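The values are calculated or read from the model by the stated rules, or taken from the named source; none is laboratory data. Computed from a prediction, not measured in an experiment: that's the story for all the values here. Every residue, glycine among them, receives a Cβ derived from its backbone with ideal geometry; neighbour counts consider all protein chains shown.
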Amino acid sequence: MNESIIINNIKIIKLINNKIINLLNYIYNKYKIKSYVISFSGGIDSTVLLNIMKNIINKIDFKINIRAIHINHNLSIKSNDWEKHCIKECNKINIKLIVRKIKISSNYIKKYGIECSARKLRFNEINSILNKNEIVMIAHNKNDNLETLFLSLKRNFLGSIKFYNNVYGMKILRPLLNYSRKYIIIYAKYFNLNWIEDDTNNNLKIDRNFIRKIIISKLEERWPNFIESSSKAIKTLNKKNNIINYFINKNIDKNINSDLSLNINNLFKEDEFYIFNIIKNWIKKNNIKIPSFNIIKKISNEIKYKKLNYININIYNSIYIRKYKNNLFCIKDKYIINSYIKVWENLLNKFYLPYELGILIINNINKYDYLIKNNKYIIHNIRKNNENEVISIRINTLSKNTKIKFKNCKNNKCLKNIFQNNNIPFWNRNKIPMLFYNNKLICLIGIDVTEEGFPSNNNNISLIYKIGLNGFEPLTSPLSGVCSS
């Protein structure tokens, strides 16, 4: 290697080091964050990142905390050898390494694909070891970004890797994203670093490998500067997207409700592009992974053209986009609620509702007065059961046309009208527990006490409902006496 190449390589190494030093100083000065976890696969990219962080640790204005995590995916016969390699490399430079093993089921791969399955489980493991105010570093580079752009094209949208973003609640930083793989190779060879070559990177059945080995390599043969020029185009694209998202989010904030539902009254007159981006960014605000282009398009079309009163679109396994009274909701609904009847044999014991709906307690109301102020509790004052009355809890057993009479209401009301008058969306109507004495409905829990269950004189007890993770929280005040007349 001649002297000019060596000098040029040293300049590249100094440039990368100084840029990352400036970045870490900026993060510390602005956010007071000084702890980092490096996602270390043992490949050339993460090996370079690990060694950069080790090399600059004493050149930063503050004390920095660095550790690494290696995820053994068990996808190769060499997986355990790679794990040992990572342990050895971290021991060599005195960086603490956490190792996690995962196993990806064939059903998971069939559903999400190998790459997506591995990423989901890998992020879960990384998230599980993070401390507060700790940033995850991932060694993506310019080449990875171009590959991601090509992958997004086949999914009907333009996408790229973010330099910094939030994934599953984790802060993710990619300090090598502005450097192409050729610079990373220069760095690795200059310091004689050891890295592993993942044989699965040669599997052309994996989309990213096909794009890397076949498409991008051909483009680089024809246009050697293609990676650099495309990187500039991606940056321009990101800037334009950021501007669009800025104005979209301003409009979302005007129409978003306290429960993160979206008021769509003003969307009907807007064009398709605007509605599409409103829906996409609103889903993101609900901390839900953005679904495919086709699903967002379907939601947008139903708002723009069909103007349906009823929207119920499954975007993932248990996550639905639903419409109620011109509001869109992101709903996590992992249970199918079947009809349920169970006797409450001992009132001294708590009654645990199925489907994570919550807990019921019967006791003296004075003892639980303080719970009224907590919106995770609902209290009803009801009459005490007679000796010959068996108490049971039922869920989803009454038809929508069942007539019910509340004490303070003039007329009987059918169940459907009660739900409508109390603003109960259709997806919550089968979650409402009901208290029965024999076959007499005493209380629609969370709504009101029936005429049969109304207390008299000193014949009263309190029914306390502690709302569970999947429980129904009424849109009205969490106190009893909500009359639906």
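In the stretch 158-204, which residues are on the phi > 0 side of the Ramachandran plot and under 19 Å from the mean Cα position of the chain (by Cα)? I'd like the intermediate steps shown before the answer.
At the first step, the residues of the stretch 158-204 found to be on the phi > 0 side of the Ramachandran plot are 168-169, 192.
Of everything in the stretch 158-204, those that are on the phi > 0 side of the Ramachandran plot and under 19 Å from the mean Cα position of the chain (by Cα) turn out to be Y168, G169.
Does at least one position in the stretch 107-124 carry a residue that is at pLDDT 90 or above and loosely packed, with under 13 Cβ neighbours inside 10 Å? No - not one qualifying residue is present in the stretch 107-124. Please pick out the residue among A233, A188 that is small (G, A, S) and assigned by TED's automatic domain parsing to the domain that holds K110. Just a single option satisfies the conditions, and that option is A188.
Set side by side, the residues S152, S160, S180, S128 differ, and just one is more than 24 Å from K235 (Cβ to Cβ) and of a type in the set (G, A, S), which is S128.
So in the stretch 58-78, with the set limited to residues that are out of contact with any Phe, Trp or Tyr (no Cβ under 6 Å at 6 or more places or on another chain) and buried (at least 16 other Cβ atoms within 10 Å of the Cβ), which one is modelled with the lowest pLDDT? Lay out the reasoning, then the answer.
As a first pass, look at the stretch 58-78 and keep what is out of contact with any Phe, Trp or Tyr (no Cβ under 6 Å at 6 or more places or on another chain): 58-61, 63-65, 67, 69, 71-78.
Remaining after also requiring buried (at least 16 other Cβ atoms within 10 Å of the Cβ): 60, 64, 67, 69, 71-73, 75.
Details: I60: 87, I64: 92, R67: 97, I69: 97, I71: 95, N72: 95, H73: 90, L75: 83.
Out of the qualifying residues, it is L75.
What single numbered condition from (1) touching a helix residue (DSSP H, G or I) at 6+ places or on another chain (Cβ under 7 Å); (2) surrounded by fewer than 17 Cβ atoms within 10 Å (Cβ to Cβ) fails to hold for S231? Result: S231 passes all but (2). Considering (1) without any contact (Cβ under 8 Å) to a residue 60 or more places away in the chain; (2) closer than 26 Å to K96 by Cβ, the lone condition that Y187 does not fulfil carries the number (1). Just one of the listed residues (I279, I303) is under 26 Å from G169 (Cα atoms) and not polar (S, T, N, Q), and it is I279. If you check N381, N408 for being surrounded by fewer than 15 Cβ atoms within 10 Å (Cβ to Cβ) and touching a residue at least 60 places away in the same chain (Cβ under 8 Å), only one passes: N408.
Regarding S117, is this residue assigned by TED's automatic domain parsing to the domain that holds I184, within 29 Å of T200 (Cβ to Cβ) and without any contact (Cβ under 8 Å) to a residue 60 or more places away in the chain? Break it down into steps so the answer makes sense when it comes.
Working: assigned by TED's automatic domain parsing to the domain that holds I184: yes; within 29 Å of T200 (Cβ to Cβ): yes; without any contact (Cβ under 8 Å) to a residue 60 or more places away in the chain: yes.
Considered against the rule, which asks whether it is assigned by TED's automatic domain parsing to the domain that holds I184, within 29 Å of T200 (Cβ to Cβ) and without any contact (Cβ under 8 Å) to a residue 60 or more places away in the chain, S117 comes out as yes.
For I38, the test of being part of a strand (DSSP E or B), in contact with a Leu (Cβ under 9 Å, 6 or more places away or on another chain), more than 14 Å from A188 (Cα to Cα) and assigned by TED's automatic domain parsing to the domain that holds Y183 is passed.
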